[in-house]
Amino acid sequence: MDSVPMTLDEAVAVLIEGMSDEDKATVRGTPRDRLILFHLTWGMGIRNAFGLWGDNRELCAALSDLPADEASMVIMRAVWDRLQRGA
């Protein structure tokens, strides 16, 4: 990835674009309230790659300056929501 996303929509698009069909099926098949299962794997990757520890001020602000752990869950839920609509 050449640049980090600056909005929630950009973050969702980047993540979905980079997902294999298998990964999409896994996320799609996981109940929304169980996405926490991915907190230490996928969530950590999102936090680190997207600068949610404070480096990416634009994305952090777009996510209401939530703590990094909560911000990554917002992004994961948004990915889940979009995948449920057929992305």
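Just so it is clear, none of the values below were taken in a lab; they were calculated from the coordinates. From a predicted model like this one, the values you see are computed outputs, not experimental measurements. Here Cβ is always computed from backbone atoms with ideal geometry, including for glycine, and neighbour counts include all displayed protein chains.
Under the criterion of Cα pairs below 8 Å and six or more residues apart, the relative contact order for segment 8-84 equals 43 percent. Please give me the summed charge of the neighbours of L83: other residues whose Cβ is under 9 Å from its Cβ, Lys and Arg +1, Asp and Glu -1. Residues close to L83 contribute a combined charge of +3. I need the trypsin sites (Lys or Arg not before Pro) found in segment 1-72, filtered to DSSP loop residues with at most 13 other beta carbons within 10 Å of theirs. Counting only loop positions with at most 13 other Cβ atoms within 10 Å, none of the trypsin sites (Lys or Arg not before Pro) in segment 1-72 qualifies. The length gained on full extension between D23 and D65, counted as 0.36 nm times the residue separation minus their Cα-Cα distance, comes to 12.3 nm.
Taking every Cα-Cα distance in segment 8-84 and sorting them into 5 Å bins starting at zero, the pair-distance distribution P(r) comes out as 3, 17, 30, 27, 15, 6, 1 percent.
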